[in-house]
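Notes for the one structure printed next.
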Amino acid sequence: MSTAVAADISPAARRAAAEGLVALGAQMHAEGWSRATSSNYSVRLSADPLRLLVTASGKHKDRLTTDDFVLIDDTGAAIEPGAPKSSAETMLHVVLGRDAGAGAIVHTHSVWGTLLSDAYATTGVLTLSGYEMLKALPGIKTHDTSVELAIFPNTQDIAALSAELSERIKAGDEAVRYGFLIHKHGLYTWASDLDGARACVEALEFLFECEGRKLSLR
């Protein structure tokens, strides 16, 4: 690495996280969920103090290298000299790592996620019910259930969005338990580790396509 690793994070842990995120980026791009330079991902390397490894801004996700990540603290600031700029949505990762206990966070820009976030924008929530794939989400044991995903306005005020997200997580809002959508933008989802977050995004993107195709058949 060209930058010094923070004293409280081992180089091996950082390297492993970066390699996992590089592989994730290649998969998300291949699936069509992270095209152009869209999307951002992170892994939490420490809970106290909070340390997150987040994708740098403006990177094509199919061409990430282990140098294309930024180690940040609980204010969203880079803590290494000479670090590239992190994603503009870094504070959403901070909130999820701090308040939701997320060990890994994945943000995608899929076609179906974008369209459904618009189709259900007036209700402020997308409900997914009765699908077997729901069982891929943490803690769900039966298809006979419903999951709600909040839909937030596509504001450029990330500080305000982060504050609202934090409040809803702390209040135990079920609509931000597994993920949320940003209007005409995309999905955020998370889990305790990167493999879990990958399973969540794969499941939710599958469910989005099911819902979208169902709407088109009506």
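Read-outs throughout are calculated quantities, based only on the coordinates presented, and are distinct from any laboratory measurement. Keep in mind that what you see is a predicted model, and the values were worked out from it rather than measured. In this analysis, Cβ positions are derived from the backbone assuming ideal geometry, glycine residues included, and neighbour counts consider all displayed protein chains.
Shown is the FRET efficiency for residue 163 and residue 127, computed with R0 = 25 Å from the Cβ-Cβ distance and rounded to the nearest 0.05: 0.50. Put simply, the amide H of residue 56, placed in the peptide plane, has neighbours under 5 Å in 69, 70, leaving out anything fewer than 5 places away on its chain.
Taking 4 °C and 1.567 mPa s as conditions, the chain diffuses translationally at an estimated 75 µm²/s according to Stokes-Einstein applied to its Kirkwood radius (Cα pairs). The relative contact order of the stretch 105-193, computed from alpha carbon pairs under 8 Å that lie at least 6 residues apart in sequence, is 41 percent.
Here the Karplus relation 6.51 cos²θ - 1.76 cosθ + 1.60, evaluated at θ = phi - 60°, turns the backbone of the stretch 101-110 into coupling constants of x, 5, x, 8, 10, 10, 10, 10, 10, 7 Hz, with x for every Gly and Pro. For the peptides 123-131, 97-105, the ranking by packing is 97-105, 123-131, with the highest mean count of neighbouring Cβ atoms within 10 Å listed first. Of the residues 53, 104, 23, the one whose Cα sits farthest towards the positive end of the charge dipole of the stretch 11-217 is 23 (charges of +1 on Lys and Arg Cβ, -1 on Asp and Glu Cβ, taken about the Cα centre). Secondary structure note: in the chain, about 90% of the DSSP beta bridges are antiparallel. Springs between alpha-carbon atoms under 10 Å, Gaussian network over the chain: tell me which of 12, 83, 121 tops the mean-square fluctuations. Highest fluctuation among the options: 12. Comparing Cα centroids, the stretch 4-52 and the stretch 140-182 end up 22 angstrom apart.
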